[in-house]
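The values are calculated or read from the model by the stated rules, or taken from the named source; none is laboratory data. These numbers come from a predicted model, not from an experiment. Cβ coordinates were reconstructed from backbone atoms using ideal geometry, including for glycine residues, and neighbour counts include every protein chain displayed.
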Amino acid sequence: MITLEEVLSPENMREACRRVMANKGAAGVELTWTEWALAAIVPGLVCLFLVSIVLLKIAPPELKEIPDAPMLAAQELPRMGPMSTDEKVLVFVFVMCLVLWAAGSLTHLGATPIAMLAVSIMLIAKVLSWKDVLSEKGAWDAMFWMGGLMSLATALSKSGFIKWAAALIAGGVSSAHMGWLASFVAISLIYIYSHYCFASVTARISAMYAAFVAVTVAFGIFANLPISLTHYGNGAAPVYFGAGYVSQGEWWRNGFIICTINTVVWFTIGMAWWKLIGLY
């Protein structure tokens, strides 16, 4: 197994930059599911525990206990009666979307046309009315500003700016001769907190992963650490933000705190764990 120290040697860093600028594969490293799971299991479980505790302190839920929930459910279910036609159509649409998304590699259908098909079926079956669609102001708002950010990120990537900037940073770190550990920390922090500039994890990985691939396993894992930073940082965020329960200020503050906690855990416990299992 190739180690982080070997990958981050000045020679390999320069070769990775050269391959990126030449638009060639930069890694030549194959990661298996087992290697990925082994590298992530310990720091991942620690983050799962810590994030829950911290969020309870900085963003406590308004409703913490529902002692009568089982009894209330037992009382309300008979009142609801059998499933209506609209509910059956909704279940069908839900299952259909899951199947089509899972079979995307076979059908070659993207998430957007599948979602449009689902909405069309519900409109035709009158599960939804066009008035219902128009009334979702938060969703329309999120679609427009997130669409703009996605388009901007895509344009920057296609223009070659992201690759150029990433290769410049990687080359600068390499030429600074800081040693592999300091280089790893510096590039990783840039990679994590650059997520403020992207409206999608996929967009950031597509634009920057190849350019920063010198950190191999670590960058693959670090790709998901900053998705809580902003209310547009991943696909689910605009949906939750659109509900209006959390303000933008609260989201950015809490997102930065959680991202920083995750980053500290992966740089301390994660690095110690990787040393123990022989990644470096």
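Going through (1) modelled with pLDDT under 65; (2) more than 13 Å from the chain's Cα centre (by Cα) one by one, C197 falls short only on (1).
Restricting the range 241-269 to residues that are more than 18 Å from S52 (Cα to Cα) and without any contact (Cβ under 8 Å) to a residue 12 or more places away in the chain, the residue that is surrounded by the fewest Cβ atoms within 10 Å (Cβ to Cβ) is G249.
Residues of the range 53-72 that are surrounded by 10 or more Cβ atoms within 10 Å (Cβ to Cβ) and small (G, A, S): A59 alone.
State which residue is farthest from K57 (Cα to Cα) when the search covers only the range 270-280 and only residues that are touching a residue at least 24 places away in the same chain (Cβ under 8 Å) and surrounded by fewer than 16 Cβ atoms within 10 Å (Cβ to Cβ). Out of the qualifying residues, it is G278.
The set of residues from the range 230-280 being among the aromatic types (F, W, Y) and under 16 Å from C47 (Cβ atoms) comprises F256, W266, F267, W273, W274. Is there a residue in the range 173-186 that is over 27 Å from K275 (Cα atoms), modelled with pLDDT of 70 or more and hydrophobic (A, V, I, L, M, F, W, C)? Checked the range 173-186: no residue is over 27 Å from K275 (Cα atoms), modelled with pLDDT of 70 or more and hydrophobic (A, V, I, L, M, F, W, C).
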